[in-house]
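The values are calculated or read from the model by the stated rules, or taken from the named source; none is laboratory data. This is a predicted model, so every value here is computed, not measured. Ideal geometry is used to build each Cβ from the backbone, glycine not excepted, and the neighbour counts take in all protein chains shown. We work out accessible area using only protein heavy atoms, side chains counted, and drop any ligands, DNA or RNA first. Shrake-Rupley method; radii C 1.70, N 1.55, O 1.52, S 1.80 Å.
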Amino acid sequence: MVDFKDYTRKMERTLEVLQEEFGAVRAGRANARVLDRISVEYYGSETPIAQVASISSPDPRTLVIQPWDGSLLKAIEKAIQVSDLGINPQNDGRIIRLSFPMLTEERRKELTRQVKKYGEDGKVAIRNVRRDAMDYIKALKKKSEITEDDQKKAEKDLQDLTDKYIKKVDAACAVKEKELMEL
């Protein structure tokens, strides 16, 4: 019998990465996860904003960033401006306010295309894991560690596992697309 635990873990990790990427796609409402990929220079190293400031959401369309060290205000403001977030931060000297505008229909469609691309990348990663597992199965057969019947069964089980994770990717994409298209 062939053990697919490692390959299952890799497919699961692909789903986690996909969810992280979806979290960075802003859907017209304030979500602190959009800041996850933005870092600032802090004591000589790049540090995520969430580690140098508190982030709150006083209403559905606003994020408030309050750095623990006031000297970081300008650096955080600049990091947000040069990011691909597309939002201009408002700095009042103590906090930075991010106001998320309603998404236009064109921007929604653009973000939906981006979500579909992330989904396709996730499927490719899962198929790559399947390919590696298939190579492993064939190597076991070549070394006569499994029979031909075991090889066929393992390949079928692997395909079923792959199909299951592809469906999970499709479901995650559908949920994110629905969220983007809501008004």
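Once both labels are modelled 7 Å past Cα along the beta-carbon direction, what's the residue 71-residue 181 spacing in nm?
5.1
Holding the Cα-Cα limit at 24 Å, pick out from 10/156; 109/164; 142/164; 78/117; 10/153 the pairs that are longer than that.
With Cα atoms farther than 24 Å apart: 109/164; 142/164; 78/117.
Students often forget the sequence filter, so: which aspartates and glutamates lie under 14 Å Cα-Cα from residue 116 once same-chain residues fewer than 8 apart are removed?
21, 170, 177, 179
Just 110, 148, 21 to compare: in a GNM of the chain, with alpha carbon springs under 10 Å, which one fluctuates most?
Maximum among the listed residues: 148.
Could you do me a favour and compute the accessible area per residue for the chain, 1.4 Å probe, result in Å²?
59
Which FRET efficiency value, to the nearest 0.05, do you get for residue 78 and residue 5 by plugging their Cβ-Cβ distance into 1/(1 + (r/R0)^6) with R0 = 41 Å?
In this case the efficiency is close to 0.35.
Roughly what angle does helix 148-181 make with the longest principal axis of the chain, taking Cα atoms, 0 to 90 degrees, to the nearest 10?
Taking the Cα atoms of the chain, the angle to 148-181 is about 20 degrees.
Looking at region 6-100, which chymotrypsin sites (Phe, Trp or Tyr not before Pro) are in a loop (DSSP not H, G, I, E or B) and have at most 15 other Cβ atoms within 10 Å?
43, 68
Enter the angle in degrees (range 0 to 90, nearest 10) between the Cα long axis of helix 105-142 and the first principal axis of the Cα atoms of the chain, meaning the one along which they spread out most.
Result, in degrees: 30.
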